[in-house]
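**Q** Quick one: structure below, then a few questions.
The values are calculated or read from the model by the stated rules, or taken from the named source; none is laboratory data. Everything quoted here is computed from the prediction, not taken from an experiment. Methodologically, a virtual Cβ is constructed for each residue, glycine included, from the backbone with ideal geometry; neighbour enumeration extends over all protein chains shown. Accessible surface areas use protein heavy atoms only, side chains included; no ligands, DNA or RNA. Shrake-Rupley method; radii C 1.70, N 1.55, O 1.52, S 1.80 Å.
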Amino acid sequence: MTGNNDDPKSDELPPGERTPAIPTELPVLPLRDTVLFPNSFMPLAVARETSVRLIDDAIANGKLIAVFTQRDASVEEPTQSDLYTVGTATHIHKMFKLPDGSLRLIVQGLARLRLDTVLSSAPYLRAQVTPAAEGTNDADRLEIDALARNIKTNFQQVVSLSPLLSDDLQTLASNIVEPGRLADFIASSLTTISTAVKQEVLETLDIRARMDNLNRILIKELEVLELGSKIQSQVQSEVGKNQREYFLREQMKAIQKELGEGDDQTKENEELAEKIEMAGMPEAVKKEALRELDRLSKMPVAAAEYTVARTYLDWLVALPWAKRTEEVIDLPKTKQVLDADHSGLEKAKDRILEYLAVRKLNPEVKGPILCFLGPPGVGKTSLARSIANSIGRKFVRVSLGGMRDEAEIRGHRRTYIGALPGQIVQGLRRAESKNPVFILDEIDKLGSDFRGDPASALLEVLDPEQNNSFRDHYLDVPFDLSEVLFLTTANVLDPIPAALRDRMEVLELAGYTEEEKLQIAFEHLIAKQVKNNGLTPEQVAFAEPAIRNVIRGYTREAGVRNLEREIGALCRKVARRRAEGDETNVVITPETVIEMLGAPSYLDEEIENRTKDPGVAVGLAWTPAGGEVLFVEASRMQGGGSLTLTGHLGDVMKESARTALSWFRAHAAHYGVDPSFYKDSEIHLHVPSGAIPKDGPSAGVTMVSALASQLTGRPVRGDIAMTGEITLSGRVLPVGGIKEKVLAARRHGITELIMPRQNEKNVKEDLTEDLRKELTIHFVSEISEAVAIALQPGAQQTTTPMPVDTPAEPAPVA
């Protein structure tokens, strides 16, 4: 239809002339991706300028044109080589002009044409054409009839399966009798076959061959449609099933809602979704939680994975992703709480107060990883609890003693039955806060085996630069541990791997002095034990001398655990008396202590008795349980110049003994001993308590003093103890564990000590002023100084020495 609403130009073939005479020269209309068959009608769109002009001229000159399909649809101005050689003579039935200048045609194919020669290309293509006669053989008539029937049957099935073909095509095809025309009709009706295939059918002039080719095309098309129909049926079946389940679920929900009932699983899922929203998770964690919840909502409750997924979500929503305890930093109050809970331990308290002071000025500062190092019973764990109480944080304690499985720290993967998160995540869930005080107790007792190394797993936990994205194996999402104040405790540092030790700031907590133990007993232990044993302060009272007696005679330890046990034993004795009918209030005195606890386990006069003979010196040793007094005994006998060492000594201690003997042999003349004494003598050094392994270099001074005492016949003073490493040149080198050793000497009633001069700074820093006033400490830098102080001056030996060469008069001490 044109823009001025004129009627479209139309015309039809005269009734008696269905196939008019075809001229030998016709205008050629190239078609793109379209094949026009004889005896078929087709709408065409014409937009090319040359094609529009061609149609206008054709309308004026008989309405006959030749239609040929382009080999390549992208060619804009095709030539003879760009067109297929077989086309169709076409009659234009109707033409519509559109406002944009293009045309819409309805054309009818008349007969096959063969393109002979293009006569002109301007203003449009004109070519010389000849009719392409169709051929058939009478002998093939029977086969053609059979093919026609097969083609009709197959075409009916194709039409019934294809949603693109109208059912009317079956009726039209069944009414066509002529085989060639049937083939052309069906080929033109199939919209799914390609242009090249249609052109091949058009170019096949032999009717039997054309029908055979078309039959093959239909069979292939039928197979494709049947497969597609099968796939579509399966999809629709599945979709229908899902839709049916969905509708049934919705109906069930509506019914339950009307009845006032609810779907438990739906309620649980909705509650979980609310908890996930309220938990304050980071975006990545929230995304993972919602993904898992979506999986859970699609699982039946009876599924094996349901419990696993539900437990995982319960852990995720229970963790304190955004919950934290608001701490109140009040330094005077914190100091007051720490002092009230613990006597002494000034270094540890000062370090905590320093951290809190910095945090008050800079709330973003990362917490230190502190390690409280000290013997058992000095209050390492209780100090951590006091720190939590003083700053208002939650407290979590995890004991690492004997832990061998790396999964105890990082958790088990969810693929394992009964998997759970590690102790770090479990502790945070118990605390319900992301910034608790988290104590890792007995970190030096960690083990390792084929299940992994927990100490290595702690490297990430205890590193402030890494633990802000700690990933537990069970959760498999990052959790921020940077706000946790981690505290660890240990008795010794040696078992802790170097990398883990490097991440911690070590604070040494040495043992308590007698005065500190006395204060702890009266401020904490007595009240606790009186209450635990069902007594009241009026029913039992403790005198100060009694507690001193217990400390000195019954408990020689660095901490106060045994002291608490002995106080508890005294309370139990009183409780028994009251239970038996004796209602008398009891005051615990030194005499009462001996009556109730028996004879003292430790006697001060033991050291005096053991050192009255030459050859016995008192040393000081450090142990994981605190300091201890160590005796070194030397004996000389007739022999052939050998040194015997006993007492379960380690290699370092054996080397110290050989060094001590070598130094004394080199300086024997200074002490009035024949330098050749070793030629006819055998020296035996023994350290009692032979079942206990001993090692370390700090007994060197003690060994020299014992050898000098034995060989000179001068006993070592009974009120003096010593420690220090020695060298062959006679130097005394510094040692560790000074406070523990001093406290051990004080517990045994020793009042004088010999120590390396380089340890003088440790004495001033580690010992209280009151303790230093009670002791006389001799600082030495040469072995000769230590020997001169240790030996009793001018004392005669009390036992008969073995016959040796007569010694000369003692020379002055170097």
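**Q** Could you please give the count of residues in region 222-234 that are among the polar types (S, T, N, Q) and open to solvent by 90 Å² or more (accessible area, probe 1.4 Å)?
**A** So the answer is 2.
**Q** Okay, moving on. List pairs: first residue in region 34-59 and free of Cβ contacts under 8 Å to residues at least 24 places away in the same chain, second residue small (G, A, S) anywhere in the structure, Cβ distance under 9 angstrom, at least six positions apart or on different chains.
**A** The qualifying pairs are E49/G101.
**Q** While we're here: Name every residue in region 206-221 that is in contact (Cβ under 8 Å) with a residue 24 or more places away in the chain and open to solvent by 40 Å² or more (accessible area, probe 1.4 Å), in order of residue number.
**A** Those that are in contact (Cβ under 8 Å) with a residue 24 or more places away in the chain and open to solvent by 40 Å² or more (accessible area, probe 1.4 Å): D206, R208, D212, I219.
Yes or no, residue by residue, for (1) touching a helix residue (DSSP H, G or I) at 6+ places or on another chain (Cβ under 6 Å); (2) closer than 26 Å to Q426 by Cβ; (3) modelled with pLDDT under 80:
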| residue | (1), (2), (3) |
| --- | --- |
| E245 | no, no, yes |
| L272 | yes, yes, no |
| K287 | no, yes, no |
| P300 | no, no, yes |
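**Q** Could you list, in sequence order, all residues of region 333-349 that are in contact with a Leu (Cβ under 7 Å, 6 or more places away or on another chain), open to solvent by less than 40 Å² (accessible area, probe 1.4 Å) and not in a loop (DSSP other than H, G, I, E, B)?
**A** T334, A348, K349 - these are the residues of region 333-349 that are in contact with a Leu (Cβ under 7 Å, 6 or more places away or on another chain), open to solvent by less than 40 Å² (accessible area, probe 1.4 Å) and not in a loop (DSSP other than H, G, I, E, B).
**Q** May I pose another question? For L36, all conditions in the list (1) within 30 Å of A183 (Cβ to Cβ); (2) open to solvent by 20 Å² or more (accessible area, probe 1.4 Å); (3) not in a strand (DSSP E or B) hold save one; what is the number of the exception?
**A** (2)
**Q** Going by the conditions given, is G615 in contact (Cβ under 8 Å) with a residue 24 or more places away in the chain, open to solvent by less than 10 Å² (accessible area, probe 1.4 Å) and over 25 Å from A558 (Cα atoms)?
**A** On the way: in contact (Cβ under 8 Å) with a residue 24 or more places away in the chain: yes; open to solvent by less than 10 Å² (accessible area, probe 1.4 Å): yes; over 25 Å from A558 (Cα atoms): yes.
For G615, the condition - in contact (Cβ under 8 Å) with a residue 24 or more places away in the chain, open to solvent by less than 10 Å² (accessible area, probe 1.4 Å) and over 25 Å from A558 (Cα atoms) - is met.
**Q** When you scan region 492-594 for helices (runs of 4 or more DSSP H) that lie fully inside it, which ones turn up with 3 or more residues that are open to solvent by 50 Å² or more (accessible area, probe 1.4 Å)?
**A** Details: elements: 498-502, 514-520, 526-532, 544-553, 561-579.
It comes to 498-502, 526-532, 544-553, 561-579.
**Q** Now for a different question. Restricting to region 377-415, what's the tally of residues that are of a type in the set (V, I, T), open to solvent by less than 10 Å² (accessible area, probe 1.4 Å), more than 23 Å from T513 (Cβ to Cβ) and in a loop (DSSP other than H, G, I, E, B)?
**A** Residues flagged as of a type in the set (V, I, T), open to solvent by less than 10 Å² (accessible area, probe 1.4 Å), more than 23 Å from T513 (Cβ to Cβ) and in a loop (DSSP other than H, G, I, E, B) within region 377-415 amount to 0.
**Q** Those residues that are among the aliphatic types (A, V, I, L, M) and modelled with pLDDT of 85 or more, I need them from region 348-368; list them, please.
**A** Across region 348-368, the qualifying residues are L353, A357, V358, L361.
**Q** A follow-up question, please. For the subset of region 678-708 comprising residues that are out of contact with any Gly (no Cβ under 9 Å at 6 or more places or on another chain) and open to solvent by less than 10 Å² (accessible area, probe 1.4 Å), which member is farthest from R757 (Cα to Cα)?
**A** The extreme case among them is A708.
**Q** Still on this structure: May I ask you to verify whether G619 is assigned to a strand (DSSP E or B) and at pLDDT 90 or above?
**A** yes
**Q** So L481 ticks every box in (1) under 28 Å from G377 (Cα atoms); (2) open to solvent by less than 50 Å² (accessible area, probe 1.4 Å) but one. Which box is left unticked?
**A** (1)
**Q** Could you tell me which of the residues E326, E292 is under 32 Å from the mean Cα position of the chain (by Cα), outside any helix (DSSP H, G or I) and either within 30 Å of I520 (Cα to Cα) or among the acidic types (D, E) (or both)?
**A** E326
**Q** What residue, among those in region 48-100 that are in a loop (DSSP other than H, G, I, E, B) and hydroxyl-bearing (S, T, Y), is farthest from the chain's Cα centre (by Cα)?
**A** Out of the qualifying residues, it is T85.
**Q** Please tell me if T79 is open to solvent by 10 Å² or more (accessible area, probe 1.4 Å), under 17 Å from R126 (Cα atoms) and among the hydroxyl-bearing types (S, T, Y).
**A** Yes; evaluated as a whole, the condition is true for this residue.
**Q** Let me ask another. Quick one: in region 754-773, which of the residues that are open to solvent by less than 100 Å² (accessible area, probe 1.4 Å) and touching a strand residue (DSSP E or B) at 6+ places or on another chain (Cβ under 8 Å) is farthest from R731 (Cα to Cα)?
**A** Looking at the filtered set, the residue picked out is V763.
**Q** For the subset of region 145-182 comprising residues that are under 60 Å from the mean Cα position of the chain (by Cα) and open to solvent by 80 Å² or more (accessible area, probe 1.4 Å), which member is nearest to S233 (Cα to Cα)?
**A** The selected residue is P163.
**Q** Could you please let me know if R565 is at pLDDT below 90 and closer than 22 Å to G627 by Cβ?
**A** In short, no.
**Q** Just one of the numbered conditions (1) open to solvent by less than 100 Å² (accessible area, probe 1.4 Å); (2) under 22 Å from S160 (Cβ atoms); (3) in a helix (DSSP H, G or I); (4) not small (G, A, S) is not true of I193; which one?
**A** Single failed check for I193: (3).
**Q** Given the conditions (1) under 30 Å from R291 (Cα atoms); (2) free of Cβ contacts under 8 Å to residues at least 24 places away in the same chain; (3) exposed (fewer than 14 other Cβ atoms within 10 Å of the Cβ), which single one is not true for N467?
**A** Answer for N467: the failing condition is (3).
**Q** If you don't mind, another one. Please determine, by comparing only the residues of region 416-443 that are aliphatic (A, V, I, L, M), over 14 Å from A457 (Cβ atoms) and in contact (Cβ under 8 Å) with a residue 12 or more places away in the chain, which one is most open to solvent (accessible area, probe 1.4 Å). Full working, then the answer.
**A** To start, the set of residues in region 416-443 that are aliphatic (A, V, I, L, M) comprises 417, 419-420, 424-425, 428, 431, 437, 439-440, 443.
When the remaining residues are screened for being over 14 Å from A457 (Cβ atoms), the result is 417, 419-420, 428, 431, 437, 439.
Keeping just the survivors that are in contact (Cβ under 8 Å) with a residue 12 or more places away in the chain gives 419-420, 428, 431, 437, 439.
Numbers: A419: 15, L420: 74, L428: 3, A431: 7, V437: 0, I439: 0 Å².
The qualifying residue most open to solvent (accessible area, probe 1.4 Å) is L420.
**Q** Checking G639 against (1) buried (at least 21 other Cβ atoms within 10 Å of the Cβ); (2) touching a Ser or Thr at 6+ places or on another chain (Cβ under 7 Å): exactly one of these is not met. Which one?
**A** Of (1) buried (at least 21 other Cβ atoms within 10 Å of the Cβ); (2) touching a Ser or Thr at 6+ places or on another chain (Cβ under 7 Å), only one is false for G639: (1).
**Q** Can you find, within region 709-737, the residue that is surrounded by the fewest Cβ atoms within 10 Å (Cβ to Cβ) among those that are farther than 14 Å from Q758 by Cα and among the β-branched types (V, I, T)?
**A** Only one residue fits best here, namely T727.
**Q** Is it fair to say I255 is hydrophobic (A, V, I, L, M, F, W, C), surrounded by 10 or more Cβ atoms within 10 Å (Cβ to Cβ), under 23 Å from V86 (Cα atoms) and at pLDDT below 85? Write out each step before concluding.
**A** Working: hydrophobic (A, V, I, L, M, F, W, C): yes; surrounded by 10 or more Cβ atoms within 10 Å (Cβ to Cβ): yes; under 23 Å from V86 (Cα atoms): no; at pLDDT below 85: yes.
For I255, the condition - hydrophobic (A, V, I, L, M, F, W, C), surrounded by 10 or more Cβ atoms within 10 Å (Cβ to Cβ), under 23 Å from V86 (Cα atoms) and at pLDDT below 85 - is not met.
**Q** List the number of the failed condition for D116; all other conditions in (1) among the acidic types (D, E); (2) open to solvent by 60 Å² or more (accessible area, probe 1.4 Å); (3) in contact with a Ser or Thr (Cβ under 8 Å, 6 or more places away or on another chain) hold.
**A** Condition not satisfied by D116: (2).
**Q** Hey, among A691, A708, A669, which residue is closer than 23 Å to F779 by Cβ and touching a residue at least 40 places away in the same chain (Cβ under 8 Å)? Write out each step before concluding.
**A** On the way: A691 fails: closer than 23 Å to F779 by Cβ; A669 fails: closer than 23 Å to F779 by Cβ.
Selected residue: A708, the only one of A691, A708, A669 that is closer than 23 Å to F779 by Cβ and touching a residue at least 40 places away in the same chain (Cβ under 8 Å).
**Q** While we're looking at this one, here's another question. Has region 364-376 got at least one residue that is outside any helix (DSSP H, G or I), among the aromatic types (F, W, Y), under 30 Å from S448 (Cα atoms) and more than 24 Å from the chain's Cα centre (by Cα)?
**A** There is at least one residue in region 364-376 that is outside any helix (DSSP H, G or I), among the aromatic types (F, W, Y), under 30 Å from S448 (Cα atoms) and more than 24 Å from the chain's Cα centre (by Cα).
**Q** Evaluate the following for D330: is it within 30 Å of Y416 (Cβ to Cβ), among the acidic types (D, E) and open to solvent by 60 Å² or more (accessible area, probe 1.4 Å)?
**A** Criteria not met by D330.
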